[in-house]
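Asks: Here you go, one structure.
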Amino acid sequence: MRIDLHTHSHRSDGTDSPAELIAKAAAAGLDVVALTDHDAMSGWAEAQQAADEVGITLVPGLEISTNFHHRGVHLLAYLPDPAYAPLVAELDRVLDGRTSRTPAIVAGLRDHGIDLTEDDVRREAGGSVAAGRPHVADALIRLGLVADRTEAFVELLNHGRPGYIGRYAAPVEEMIPLVVAAGGAAVIAHPWGRRGGTVLDEAALSHLRDLGLAGIEVDHQDHGPELRARLRAIAANLDLVVTGSSDYHGLGKVDHDLGCNTTDPEQYERLMSRTASRR
Ligand code: AMP
Ligand code: FE
Ligand code: FE
Ligand code: ZN
């Protein structure tokens, strides 16, 4: 059984439609795939229909933008009730915060001499539920100003660069219980990826587990072999589920092909047992 628990469609910042993503997952030999768009559940219906057609299992999920000690933490939520109003309200707040800063980002870049408009960004956001920095990056690529998203972030969009504007993210200590109340299972995505580094140490993860955290994503492209080994040891100490996933974004991220990391079937079963549908 090949299981990939973290992928993005164009409902957030991936480049495939949910149906295309599912077709590619089946072609890549996956048996189980989770669709986890940023702060959005809008791709579930289309993905479910496609999964039924090709005969693979869809795990409906999302990746929620949260904060922990002023650092961004991505929280994967699997199988929450999409109609649970407190969760929906919080996600709307995050999505509004993302979209509403586009004018400020564009203004910051224009001050820096970059001739970019809000319409350019909106056009790239297309079928997405919100316009975020990846869409600003795509607009900059189309203008020929940067080669790819990574260059756009490093040069212009990361903290401290001219196009950086902060936005709302939900406190992770509130979001984990909210996901559990919605019947879902919560997993920290790439806990030591990018700038995550030192914030989520064993003590912090232990605290989050006590709040209802079910697992951590260990096998992820942002983690090298040594980090993976250390995270695996922490998961064993804390009795957390270990997941592995691609964090596929279509053409939006290189070296994140579907199935490049996978989740052990036993760990997958443990994770599913933490959702209301199995409790
Ligand atoms: P935003 O939600 O607008 O703050 O944008 C954050 C999203 O941008 C993340 O969830 C990533 O998918 C994407 N992202 C962040 N850093 C990079 C990078 N260096 N290269 C490509 N995509 C990135
Ligand atoms: Fe993303
Ligand atoms: Fe992430
Ligand atoms: Zn992701």
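The values are calculated or read from the model by the stated rules, or taken from the named source; none is laboratory data. Please read all numbers here as calculations on a predicted model, not as lab measurements. Backbone-built Cβ (ideal geometry, glycine too); neighbour counts: all protein chains shown. To get the accessible areas, we keep the full protein, side chains included, count just its heavy atoms, and leave off ligands, DNA and RNA. Shrake-Rupley method; radii C 1.70, N 1.55, O 1.52, S 1.80 Å.
Asks: Per-residue counts of other Cβ atoms within 10 Å, averaged by peptide: what ranking do you get for 228-239, 88-99, highest first?
Replies: Final packing ranking: 88-99, 228-239.
Asks: If contacts are Cα pairs under 8 angstrom and at least 6 residues apart, what is the relative contact order of the chain in percent?
Replies: Working: 550 pairs, mean separation 64.8, N = 279.
Reported relative contact order: 23 percent.
Asks: Right, here's the next one. With all protein chains present, calculate the accessible area of D210 using a 1.4 Å probe and round the result to the nearest 10 Å².
Replies: My reading of the accessible area for D210 is about 110 Å².
Asks: Is it possible to state the helix-based mean residue ellipticity at 222 nm for the chain, with each DSSP H run of 4+ residues giving -39500 (n - 2.57), the sum divided by total residues, to the nearest 500 deg cm²/dmol? What is it?
Replies: Details: 11 runs with 109 residues, N = 279.
Here the helix-only value at 222 nm equals -11500 deg cm²/dmol.
Asks: Also: Which value in nm describes the separation of the simple spin-label points at R110 and V199, placed 7 Å from the Cα toward the beta carbon?
Replies: Each label point lies 7 Å from its Cα, and together they span 3.1 nm.
Asks: Checking a compactness column here: for region 73-221, what do you get for Rg(Cα) / (2.2 N^0.38 Å), N being the number of residues?
Replies: Computed over Cα atoms of region 73-221, the ratio equals 1.17.
Asks: With a ≥ b ≥ c the root eigenvalues of the C-alpha gyration tensor of region 168-207, is it rounded (a/c under 1.5), prolate (a/b larger than b/c) or oblate?
Replies: prolate
Asks: Here is a follow-up. Describe numerically, in nm with one decimal, the distance between label points set 7 Å from Cα along Cα→Cβ at V254 and at L238.
Replies: 3.3 nm
Asks: While we're on this one: Quick one: divide the alpha-carbon radius of gyration of region 57-124 by 2.2 N^0.38 Å and tell me what you get.
Replies: Expressed relative to 2.2 N^0.38 Å, the Cα Rg reads 1.47.
Asks: Continuing with the same structure: Stretched out fully, how many nm does the piece from A229 to T57 gain, at 0.36 nm a residue minus the Cα gap?
Replies: Fully extending the segment from A229 to T57 adds 59.0 nm.
Asks: What does the accessible area of T262 come to, in Å² to the nearest 10, when a probe of 1.4 Å is used?
Replies: Counting only protein heavy atoms, the figure is 50 Å².
Asks: Helix 44-54 against the longest principal axis of the chain: what's the angle in degrees, Cα atoms only, rounded to the nearest 10?
Replies: So the helix axis and the longest Cα principal axis differ by about 60 degrees.
Asks: If DNA, RNA and ligands are ignored and the probe is 1.4 Å, what is the ranking of M175, M41, M1 by accessible area, most exposed first?
Replies: M1, M41, M175
Asks: Same structure again: Heavy atoms only, 1.4 Å probe, whole protein assembly: order H6, H69, H38 by accessible area, highest first.
Replies: H69, H38, H6
Asks: Of the candidates A25, A45, A186, which one comes out as most mobile in a Gaussian network treatment of the chain with C-alpha springs shorter than 10 Å?
Replies: Residue with maximal mean-square fluctuation among A25, A45, A186: A45.
Asks: Given Cα pairs under 8 Å that are at least 6 residues apart, what percent is the relative contact order of region 1-149?
Replies: Once normalised by length, the contact order is 19 percent.
Asks: Another one. Taking the Cα centre of each part, how many Å lie between region 19-45 and region 90-107?
Replies: So the separation of the two Cα centres works out to 25 Å.
Asks: Answer rounded, prolate or oblate for region 168-279, using the Cα gyration tensor with square roots of eigenvalues a ≥ b ≥ c: rounded when a/c is under 1.5, else prolate when a/b is larger than b/c, else oblate. Intermediate results must be reported in sequence, preceding the final value.
Replies: Numbers: a/c = 1.38, a/b = 1.26, b/c = 1.10.
Verdict is rounded for region 168-279.
Asks: Considering only DSSP beta bridges where both residues belong to region 37-160, give the percentage that are antiparallel (nearest 5). Intermediate results must be reported in sequence, preceding the final value.
Replies: Values: 8 of 10 bridges.
Taking every DSSP beta bridge with both residues in region 37-160, the antiparallel ones total about 80 percent.
Asks: Where does each of D39, D115 land when they are ordered by accessible area, with a 1.4 Å probe and the largest first?
Replies: Working: D39 0, D115 110 Å².
Most to least solvent-accessible, the answer reads D115, D39.
Asks: How high is the relative contact order of region 122-197, given as a whole-number percent (alpha carbon pairs under 8 Å, six or more residues apart)? It would help to have the intermediate numbers written out before the result.
Replies: Working: 40 pairs, mean separation 9.7, N = 76.
The normalised contact order for region 122-197 reaches 13 percent.
Asks: Turning to a different aspect of this structure: After finding the eigenvalues of the alpha carbon gyration tensor for region 20-81, what semi-axes result from the square roots of 5 times each, listed largest first in whole Å?
Replies: Details: eigenvalues 134, 26, 15 Å².
Value: 26, 11, 9 Å, ordered largest first.
Asks: Which residue, S246, S42, S65, has the most motion in a Gaussian network model of the chain that connects Cα atoms within less than 10 Å?
Replies: Largest GNM mean-square fluctuation: S42.
Asks: When a/c reaches 1.5 or more, the comparison of a/b and b/c decides; with that in mind, is region 125-166 rounded, prolate or oblate per its Cα gyration tensor?
Replies: Oblate shape, in that a/c is at least 1.5 and b/c is the bigger or equal ratio.
Asks: Given the convex hull of the Cα atoms of the chain, what is a quarter of its surface area in nm²?
Replies: Convex hull of Cα atoms, orientation-averaged projection: 13.5 nm².
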